[in-house]
2 protein chains.
Amino acid sequence: MYRIPNHIGIIPDGNRRWAQNKNMPKEAGYSYGLEPGIALYRLCRELGVKELTFYGFTQDNTKRPSVQTEAFKKACIDAVKMLEKEDADLLVIGNYNSPMFPKELLPYLSRKTIGEGKMKVNFLVNYGWQWDLNSALKALSNGEKRDILDLISSKDISRIDLIIRWGGRRRLSGFLPVQSIYSDFYVIDDYWPDFKPQHLYEALEWYSKQDITLGG
Amino acid sequence: MYRIPNHIGIIPDGNRRWAQNKNMPKEAGYSYGLEPGIALYRLCRELGVKELTFYGFTQDNTKRPSVQTEAFKKACIDAVKMLEKEDADLLVIGNYNSPMFPKELLPYLSRKTIGEGKMKVNFLVNYGWQWDLNSALKALSNGEKRDILDLISSKDISRIDLIIRWGGRRRLSGFLPVQSIYSDFYVIDDYWPDFKPQHLYEALEWYSKQDITLGG
């Protein structure tokens, strides 16, 4: 039996390296990340995970060649279309005042229940950690709240217990700095399109052995 | 030859578990972390590291029993005393409006050159990530700057390239959320008092193989 985290963050990295290994152009990798995403979502729902946050793409990622940015934008739109056939309380977070933000996802800037809901799913699209934190400074002028947690753009996303990153890199790459303060961080060397359920079980097994102290 | 990071963050965890393994009371572990700290500082200086940040203790840590909080406060004071015999540009960052902040360290709230300087050393003492970020909200009322990077309490600490954590835990525990956005994160299973130079070389060897993209 695993101790199931309330909230899992997913960094699905390695799509481009996966495509190159298959002699495909880099940008071809993103579409192969869609089925793994739905498979992971379903597994987590069955296990009773309450909240799941996927790293779509960041503002820093949009500095890449446009053939790549178009491909990962399309993958995000397609991911949401696939999710629309499932059950989820879906929220999309990211800088929507930009042509990089797909207009198809605008309806999800406030949380929407799809099907029977059941699990919160957050999707970071054109997200920037600096944008997120700076929004607290902008929000301040309009109110009296003085806690960053109440003012950031991602305030509706809760603290993350476990972050799983595919593709071998051991860094957060700006993934929700406030919510990831105490997250346990598990890295899988395989690239994201090679996702298999065993990866999740392996991460949960490791997480079950961690001592959660929150600094105490 | 290693690629030497400009800035290394150090999370010297495992002091209490180390002491327990030696049949000592938990709080006895902290003083055994002092010599390793100086040894690591000297190694980094020789290697040409430009900036080194040590995690002393956090506001969350101060929820522990007072025999422990007194022990880690003393260790921080002693660490600075030892460093005063070396060369460093020393800065202490933390919530100083609290009895948990040792008054002996007040002079270092602005950066001071010790000896010939040579390397920036930052020491987080009674640090809190929330305190750090919220200070940006307070600072805002007094000025027009609108970027979180210019307003946080730790604004004089630069982006961290490599974070090394001892004691096996794979989490940041609130370590400078803004500066650690793109940090590569290396975990050593040994407890901090068992530090040996090989740990640092191992981390640098791993870091040398990482592809630094900053999201691009």
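Some notes on this structure:
- Selection count where residues are more than 12 Å from residue B:87 (Cβ to Cβ) and acidic (Asp, Glu), scope region B:103-123: 1
Each row is one residue, and each column tells you yes or no for (1) more than 15 Å from the chain's Cα centre (by Cα); (2) under 19 Å from residue B:57 (Cα atoms); (3) more than 10 Å from chain A (Cβ to nearest Cβ); (4) in a loop (DSSP other than H, G, I, E, B).
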residue: B:116; (1), (2), (3), (4): yes, no, yes, yes
residue: B:123; (1), (2), (3), (4): no, yes, yes, no
residue: B:132; (1), (2), (3), (4): no, yes, no, no
residue: B:136; (1), (2), (3), (4): yes, no, no, no
residue: B:139; (1), (2), (3), (4): yes, no, no, no
residue: B:158; (1), (2), (3), (4): no, no, yes, yes
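- Test for residue A:163: is it under 16 Å from residue B:174 (Cβ atoms) and part of a strand (DSSP E or B): yes
- Filter result for residue A:14 (out of contact with any His (no Cβ under 7 Å at 6 or more places or on another chain) and over 24 Å from residue A:162 (Cα atoms)): no
- Count of region B:62-101 residues, restricted to those that are in a helix (DSSP H, G or I) and surrounded by 19 or more Cβ atoms within 10 Å (Cβ to Cβ), is 10.
- Cβ-Cβ distances below 8 Å connect the following pairs, each with a first residue in region A:84-112 that is farther than 19 Å from residue A:157 by Cβ and among the polar types (S, T, N, Q), a second residue that is surrounded by 15 or more Cβ atoms within 10 Å (Cβ to Cβ) and modelled with pLDDT of 95 or more, and a separation of six or more residues or different chains: A:98/A:59; A:98/A:126.
- Among the conditions (1) assigned to a helix (DSSP H, G or I); (2) touching a helix residue (DSSP H, G or I) at 6+ places or on another chain (Cβ under 9 Å), the only one that residue A:106 does not satisfy is (2).
- Checking each residue in region A:182-206 for being at the interface with another protein chain (Cβ under 10 Å from one of its Cβ atoms) and farther than 22 Å from residue A:17 by Cβ picks out A:182, A:183, A:184, A:206.
- Out of B:120, B:73, B:138, one residue alone is modelled with pLDDT of 95 or more and more than 29 Å from residue B:184 (Cβ to Cβ). It is B:73.
- Given (1) under 28 Å from residue B:214 (Cα atoms); (2) in contact with a strand residue (DSSP E or B) (Cβ under 9 Å, 6 or more places away or on another chain); (3) not aromatic (Phe, Trp, Tyr), number of the condition residue A:97 does not satisfy: (2)
- Scanning region A:181-194 for residues being part of a loop (DSSP other than H, G, I, E, B), surrounded by fewer than 22 Cβ atoms within 10 Å (Cβ to Cβ) and touching a residue at least 40 places away in the same chain (Cβ under 8 Å) gives a total of 1.
- Note on region B:164-180: among residues that are facing chain A (nearest Cβ under 9 Å) and among the aliphatic types (A, V, I, L, M), the one that is surrounded by the fewest Cβ atoms within 10 Å (Cβ to Cβ) is B:178.
- Scoring residue A:154 on the criteria (1) assigned to a loop (DSSP other than H, G, I, E, B); (2) loosely packed, with under 14 Cβ neighbours inside 10 Å leaves a single failure, condition (2).
- The C-beta contact set for region B:58-69 (first residue more than 7 Å from chain A (Cβ to nearest Cβ), second residue in a loop (DSSP other than H, G, I, E, B) and buried (at least 21 other Cβ atoms within 10 Å of the Cβ), distance under 6 angstrom, 6+ apart or interchain) comprises B:59/B:128.
- Residue check for residue A:173: in contact with a strand residue (DSSP E or B) (Cβ under 8 Å, 6 or more places away or on another chain), among the small types (Gly, Ala, Ser), in contact (Cβ under 8 Å) with a residue 40 or more places away in the chain and at positive phi: yes
- Counting the residues of region B:17-36 that are surrounded by fewer than 22 Cβ atoms within 10 Å (Cβ to Cβ) and either outside any loop (DSSP other than H, G, I, E, B) or in contact with a Lys or Arg (Cβ under 7 Å, 6 or more places away or on another chain) (or both) gives 12.
- Filter pass, residue B:161 being surrounded by 15 or more Cβ atoms within 10 Å (Cβ to Cβ), modelled with pLDDT of 95 or more and among the acidic types (Asp, Glu): yes
- Considering only residues in region A:141-151 that are in a loop (DSSP other than H, G, I, E, B) and more than 8 Å from chain B (Cβ to nearest Cβ), the one that is modelled with the lowest pLDDT turns out to be A:143.
- Screening region A:195-216 for residues that are part of a loop (DSSP other than H, G, I, E, B) and under 20 Å from the mean Cα position of the chain (by Cα) and picking the one that is surrounded by the most Cβ atoms within 10 Å (Cβ to Cβ) gives A:195.
The values are calculated or read from the model by the stated rules, or taken from the named source; none is laboratory data. Computed from a predicted structure; not experimentally measured. Virtual Cβ from ideal backbone geometry, glycine too; neighbours counted across all protein chains shown.
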